[in-house]
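*Asks:* Just dropping this structure here.
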Amino acid sequence: MYIPKDQSPANTYLDYDLLFEIQYRISGVDAFLDTMYRNINAIRYFPVDYRKKWLSRFYVDAQVSKYNKLDQLVGLISEYDDKLVDELANDVERATIHNILSENGKKLFISANYQLDLALASDYGWKDAGMLSLAFFRIIENELNTRLISPLLDSLKDREKSYYYKELNKRSFNNKQSTKVNSEKLGSYYLFETLKPILKRYRKNDDRWVMLGPMEFFFNSMSNRVSTHECNKPVLNYLKSKLIMLLTDRGIEAIENDELGNLFTYNIRDKYRNPPAHAQYLHINTAVECRKYVYDCLLKINSWIK
């Protein structure tokens, strides 16, 4: 798709606009970027609003898809608007993260950003921003369950899950039957309560996800730094052997040195996630801080999961 040069872009910019929009929707990003690159000199003659619209979309998509002419593109855009590249830094970061998320994660991400952007554009002032912060933090929970926990569950054999569930349950305790609790029983109890939704979940479409508290304990239980009773090692070794198949080399390191579980420790959850669930006030500045923290976490998580 190409508009001949003998047609003045200053007079036909609406034709270009229609061409770019159609190709963006129908032909995919790669074809769109090639068309934009071939016609970039024409874009300089567009009215300012149209020029900025297409140069912005071109640059952001080129960054996210790592377009092979990106260096030349930056130079050309800077000739037309020397401030645009810097202005688009946040858009590039947002588009990059959106691109790596699961389908449901993308919806949560768009919604969370929309709500926080809207609040920041208004006189939000002292109003409670707990739900804004929670909207971002739940993306972490969604991505880990969707991309790690669910595939892990699908890889487990029902017979082995049933066996380990019964073994852990035997060594666990509850308040009614326990008169003496030693450290081994206590460790088995916490492990059992953490793994129960994993070992008892037989159906692939079961939507009862693992929450972040148990997930932190689960991941850190597999760390080389955490000691566990010998009786609990078989189930942990079994689950770990399945889990590492889903991780990159860097992800395996993140399990071994507690990096994964430490992304959402109790203190972090208590700062960003828990206040709205416990009728506590959270300032909008903390919600903004939470967005940045979640962005960093999502990039790390993506680099750790195959």
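Each value in this text was obtained by applying a stated rule to the coordinates, not by laboratory testing. Keep in mind it's a predicted model, so treat the numbers as computed, not measured. For neighbour counting, all protein chains shown are included, and Cβ atoms are generated from backbone atoms with ideal geometry for every residue, glycine included.
*Asks:* Looking at the range 24-69, which trypsin sites (Lys or Arg not before Pro) are in a loop (DSSP not H, G, I, E or B) and have at most 11 other Cβ atoms within 10 Å?
*Replies:* Of the trypsin sites (Lys or Arg not before Pro), the ones in loops of the range 24-69 whose Cβ has at most 11 other Cβ atoms within 10 Å are 66.
*Asks:* Spin-label point model (7 Å from Cα, Cβ direction): what's the residue 72 to residue 262 distance in nm?
*Replies:* It is 4.5 nm.
*Asks:* Still on this model: Relative contact order for the chain: what percent, with Cα pairs under 8 Å and sequence separation of 6 or more?
*Replies:* Here the relative contact order equals 19 percent.
*Asks:* Pairing the Cα long axis of helix 130-144 with the longest principal axis of the chain, what angle in degrees results, from 0 to 90 and rounded to the nearest 10?
*Replies:* The angle comes out at about 80 degrees.
*Asks:* Find the all-direction average of the projected area of the Cα convex hull for the chain, expressing the result in square nanometres with one decimal place.
*Replies:* Its Cα hull, projected and averaged over all orientations, spans 20.4 nm².
*Asks:* Right, something else. How much FRET efficiency would the formula 1/(1 + (r/R0)^6) give for residue 279 and residue 26, where r is the Cβ-Cβ distance and R0 is 41 Å, rounded to 0.05?
*Replies:* Once the sixth-power term is evaluated, E becomes 0.25.
*Asks:* Calculate, for residue 126 and residue 45, the FRET efficiency according to 1/(1 + (r/R0)^6) with r their C-beta to C-beta distance and R0 41 Å; round to the nearest 0.05.
*Replies:* Computed FRET efficiency for residue 126 and residue 45: 0.25.
*Asks:* Tell me what the chain gives for mean residue ellipticity at 222 nm when only DSSP H runs of n ≥ 4 count, each as -39,500 (n - 2.57), the sum divided by the residue total, rounded to 500 deg cm²/dmol. Spell out each step's value before the answer.
*Replies:* Working: 17 runs with 204 residues, N = 306.
-20500 deg cm²/dmol, from helical runs alone.
*Asks:* Going by amide H atoms built from the backbone, whose H comes under 5 Å of the H on residue 247, apart from near neighbours?
*Replies:* Placed amide hydrogens put 306 under 5 Å from residue 247.
*Asks:* Provide 60, 235 in ascending order of the number of other Cβ atoms located within 10 Å of each residue's Cβ, fewest first.
*Replies:* 60, 235
*Asks:* Starting with the highest mean, order 259-267, 127-135 by the number of other Cβ atoms within 10 Å, averaged over the residues of each peptide.
*Replies:* 127-135, 259-267
*Asks:* For residue 166, give me every one of the aspartates and glutamates with a C-alpha distance below 15 angstrom, ignoring sequence neighbours fewer than eight places off in its own chain.
*Replies:* List returned: 158, 193.
*Asks:* Between their Cα atoms, which of 242/306; 66/106; 271/292; 52/106 are more than 22 Å away from each other?
*Replies:* 52/106
*Asks:* Starting with the fewest neighbours, write out 15, 81 ranked by other beta-carbon atoms found within 10 Å of each beta-carbon.
*Replies:* The order, fewest Cβ neighbours first, is 15, 81.
*Asks:* Let me ask something additional. Does anyone have the angle between helix 89-100 and the longest principal axis of the chain? Alpha-carbon axes, 0 to 90°, nearest 10?
*Replies:* Taking Cα atoms only, the helix is inclined about 50 degrees.
*Asks:* Any idea what angle helix 233-243 forms with the longest principal axis of the chain, computed on alpha-carbon atoms, 0 to 90 degrees, nearest 10?
*Replies:* For helix 233-243, the angle is close to 20 degrees.
*Asks:* Still on this model: Can you tell me the dipole magnitude for the chain around its Cα centre, using point charges on the Cβ only (Lys, Arg +1; Asp, Glu -1), in Debye to the nearest 20?
*Replies:* It works out to roughly 1740 debye.
*Asks:* Based on the Kirkwood radius over alpha-carbon pairs, what value in µm²/s does the Stokes-Einstein equation return for the translational diffusion coefficient of the range 9-100 at 25 °C and 0.890 mPa s?
*Replies:* Diffusion coefficient, whole number: 185 µm²/s.
*Asks:* Report the gain in length on full extension from residue 244 to residue 158: 0.36 nm times residue separation, minus Cα-Cα distance, nm rounded to one decimal.
*Replies:* 29.0 nm
*Asks:* Still on this structure, I have one more. Would you work out which of 236, 136, 248 lies farthest towards the positive end of the dipole of the chain, given +1 charges on the beta-carbon of Lys and Arg and -1 on that of Asp and Glu, about the Cα centre?
*Replies:* The one lying farthest along the dipole's positive direction is 236.
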